Amino acid sequence: MVSVKEKKVKKVKSKKEKDSVKDPSELYYEAAAKELTKEKRTKIFLAVGFCLIVAVSGFAALIDSQDGEAAGEAEAVVYVSNREKNIVKNGGEYTVAVPELYLPEDFAPELTAEQVDYGFIGVKLNDNGSASYRIDSRDYKRYVSDLELKTKTAIEAMPSTENYPSVKSVKCNDDFTKVTVTVDRSKYEGSWDNLVLYDSFELIGYLQAMQGYAASGIEASYSIVDSADGKEYSTVDFPEALNQNF
């Protein structure tokens, strides 16, 4: 007597044998499908390979740009910005140029004790009147961060100096490109209190230069607000305003 298990085995074998005999047309379409699958795999492989090459090349370029100082080669530092920057990295130093227009009135081509403490290495007066500062790259970020805080504090304290009686407040945005000046309009207009714009931009110009911006990238837009209604009634753009009377 044939057991149930043996019957199942025979039935499976019979099915396999039956399936193994295929119509010629089926064989043709199976071969075509396999060929298509092979071609698809090849395309995918090539696409993935290309992506890997691009990724590796990009990573290598990034490493090269970061390792330039190890090779002792001078290279411009790249920034993603629509404002022109002028800061150069050479070895372990940064060099930034401050245009003559934004140099402090008491500027001298020698480092102060404070600058030395901040990692400054040297300063050179250029033929065009600008000054180039060299600073240790490890200290540069700390210096700029502290300078930003000092600049913001000095500008926002201007109304309390009583040098600009009609000025109620001066506020800067984070990158010092927009400044809001709130004033008593009736007293501000026709007075010399608009000097607060020039005096504050002098500080902003020096800061932005030390941040690495070239002369063409140093800018700030001032919004003049009437304290009576809190509305802006005038705007002044620097450095264009330096050549205007208003």
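Here, each number is a calculation from the coordinates, and none is a lab measurement. All values reported here derive from a predicted model rather than from experimental measurement. Here the Cβ is made from the backbone with ideal geometry for all residues, glycine too, and neighbour counts use every protein chain on show.
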Checklist line | Residue pairs, from the table K89/K178; K152/K187; K85/K187; K124/K171; K85/K168; K141/K168, whose Cα atoms sit over 27 Å apart | finding: K89/K178; K85/K187; K124/K171; K85/K168; K141/K168
Notebook entry, point to check: When only DSSP loop residues count, what GluC sites (Glu not before Pro) in region 88-118 have their Cβ near at most 15 other Cβ atoms within 10 Å?
Noted result: E105, E110
